[in-house]
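The values are calculated or read from the model by the stated rules, or taken from the named source; none is laboratory data. Note that the structure is predicted; figures quoted are calculated from it, not measured. Surface accessibility is based on the protein's heavy atoms, side chains included, excluding ligands, DNA and RNA. Shrake-Rupley method; radii C 1.70, N 1.55, O 1.52, S 1.80 Å.
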Amino acid sequence: MFIATVVVAVVLALVVFGSAMGKLTKQPMVVQMLSGLGVPMSWVPRLAGVEIAGGVGLLVGLAVAPVGVAAAAGLVRYFVGAVGTHLHAGDRRIVAPAMLAVVAVAALVLRVVSR
């Protein structure tokens, strides 16, 4: 079970690190999508910071289980919030954030059961 925990945590960490880099480097596609959702540009560094913290927490959490649980739970909330933001803005392109929320749930469950 721990091998699955490692795989899911590492993959999810890489995804959120990549997402954070897109925000921090102000990739045009990312900026356009966020502004289209009504996200203030002043929030973008904070959102990237949450993603980085979540990714680091997942990796540290492989050695310190409570950190991994907290990081995974935080990422679940982050991606559920992302789905809500898309829906609130009338954007039905929720597959990516919804799938990441599911992966974050998987990371959370795996970290809890593989203690």
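Tabulated data for the structure shown
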quantity	calculated
Accessible area per residue, Å², the chain with all protein chains present, probe 1.4 Å	56
Shape metrics for the range 1-97, restricted to C-alpha atoms - Rg then Dmax, Å	14.0, 41
Accessible carbon and sulfur surface of the range 1-96 relative to its total accessible area, %, 1.4 Å	75
Taking the chain and dividing mean pair separation by its residue count, relative contact order in percent (alpha carbons under 8 Å, at least six apart)	33
